[in-house]
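Q: Let me begin by handing over the structure; questions about it come next.
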Amino acid sequence: MRLRHKPWAKDKLLNHPELVIQEPEKYKGKWQELFGNSNPIHIEIGTGKGRFINEMAKAHPDINFIGIEAYTSVIVSALDYALESEPTNLKLLNVNAQNLLDYFTEGEVKRIYLNFSDPWPKNRHEKRRLTYKSYLEMYEKILVKGGELHFKTDNQGLFEYSLISFSQYGLKLNFVSLDLHNSDFEGNIMTEYEEKFSKKGNRIYRCEVQFP
Ligand code: SAM
């Protein structure tokens, strides 16, 4: 992603504590308390400009959504999106998912979404892929028993790598599509990357896997 320098972005995030949670480690184990209900928590890692998480929050008011994005200059667009409808079931975290265990306690999350994650194609960068086994270990810790990971990408190499990584980890494959936009899957919410790359003619891959 081309990053634009936005010196004002940090202040904008700070000005919206109702949506962008500062010091998220303080809410470890207390996210439902913060949302003020006992609805399940779904998180998206690498939320980008936020269309997916915002539209999911609108479509599923009985789920609490948390979007995680490392870059301030990117998540500020997700905040702008949220300010249009001010959802009460959405929070945004401007943090790196490497530190996921600082923010969520065991079994606190029901589902994780990964959409168009950076592919890191070089072998020496394998550990940075969000479907690498050390990430799966973290996901397993924060997910409820039987929790799910839903993954979409246009990158065939990353998709194949991830299916192998999921299988080696012992995850159950509940759904797979090798061409999502020409399948009978209903309720797809397009991400910004998905729109861009599908317009270029790229196929979209999607799978759902389940932890034990
Ligand atoms: N999901 C969006 C979409 O489909 O339009 C954005 C896709 S973009 C290729 C990947 C995003 O993930 C980038 O905004 C990047 O900053 C973010 N990201 C990558 N690794 C991350 C990490 N470890 N923690 C938080 N965000 C991360």
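Q: For the range 150-155, take each phi angle, set θ = phi - 60°, evaluate the Karplus expression 6.51 cos²θ - 1.76 cosθ + 1.60, and give the result in whole Hz per residue in order, putting x for glycine and proline.
A: Each residue of the range 150-155 in turn: 10, 10, 10, 7, 9, 9 Hz.
Q: Where Lys and Arg each count +1 and Asp and Glu each count -1, what net charge lies around PHE185 among other residues with Cβ under 14 Å from its Cβ? Walk me through the numbers before you get to the answer.
A: Numbers: positive: LYS152, ARG203, ARG206; negative: ASP179, ASP184, GLU186, GLU194, GLU208.
My count for the surroundings of PHE185 gives -2.
Q: Rg and Dmax of the range 34-149, using alpha carbons, in Å: what are they?
A: Reported Rg and Dmax, both Å: 14.0, 44.
Q: Quickly rank 67-73, 133-139 as a protection proxy: mean count of other C-beta atoms within 10 Å, highest first.
A: Numbers: 67-73: 20.4, 133-139: 17.6.
In decreasing order of mean packing, 67-73, 133-139 become 67-73, 133-139.
Q: Which net charge results for the neighbourhood of ARG128, defined as the other residues with beta-carbon distances under 11 angstrom from its beta-carbon, given Lys and Arg at +1 and Asp and Glu at -1? Each step should come with its number before you reach the end.
A: Numbers: positive: LYS122, ARG124, LYS127, ARG129; negative: ASP118, GLU126.
Net charge around ARG128: +2.
Q: Where the accessible area of the chain is counted over protein heavy atoms with a 1.4 Å probe, how much of it, in %, is carbon and sulfur? Before the final figure, lay out the partial values.
A: Details: 5170 of 11110 Å².
In the chain, the share of accessible area belonging to carbon and sulfur is 47 percent.
Q: On to the next question. LYS10: which lysines have alpha carbons under 17 Å from its alpha carbon, excluding same-chain residues fewer than 8 sequence positions away?
A: Partners found: LYS49, LYS91.
Q: Mind checking which lysines have their Cα closer than 24 Å to the Cα of LYS133? Skip sequence neighbours fewer than 8 apart in that chain.
A: Partners within reach: LYS28, LYS110, LYS122, LYS141, LYS145, LYS152, LYS172.
Q: Counting heavy atoms of the protein chains only and a 1.4 Å probe, report the per residue accessible area for the range 30-210 as a whole number of Å². Don't skip to the end; give the middle numbers.
A: Numbers: 8700 Å² over 181 residues.
Accessible surface, normalised per residue, equals 48 Å².
Q: Another question, then. Convert each backbone phi in the range 116-125 into a coupling constant with the Karplus relation 6.51 cos²θ - 1.76 cosθ + 1.60 (shift: θ = phi - 60°), then list the ³J(HN,Hα) values in order as whole Hz, x for Gly and Pro.
A: 6, 4, 4, x, 6, x, 6, 3, 5, 9
Q: Give me the three principal axis extents of the chain from the C-alpha atoms, as integers in angstrom, largest value leading.
A: That works out to 41, 38, 37 Å along the principal axes.
Q: For the chain, what does -39500 (n - 2.57) per DSSP helix run (n ≥ 4), summed and divided by total residues, give at 222 nm, in deg cm²/dmol to the nearest 500? Kindly include the intermediate steps, with their values, before the conclusion.
A: Working: 8 runs with 70 residues, N = 212.
About -9000 deg cm²/dmol.
The values are calculated or read from the model by the stated rules, or taken from the named source; none is laboratory data. Predicted, not measured: the structure shown is a model, and the values here were computed from it. Glycine also receives a Cβ, built like all others from the backbone with ideal geometry; neighbour counts cover every protein chain displayed. Heavy atoms of the whole protein, side chains included, go into the accessibility calculation; ligands, DNA and RNA do not. Shrake-Rupley method; radii C 1.70, N 1.55, O 1.52, S 1.80 Å.
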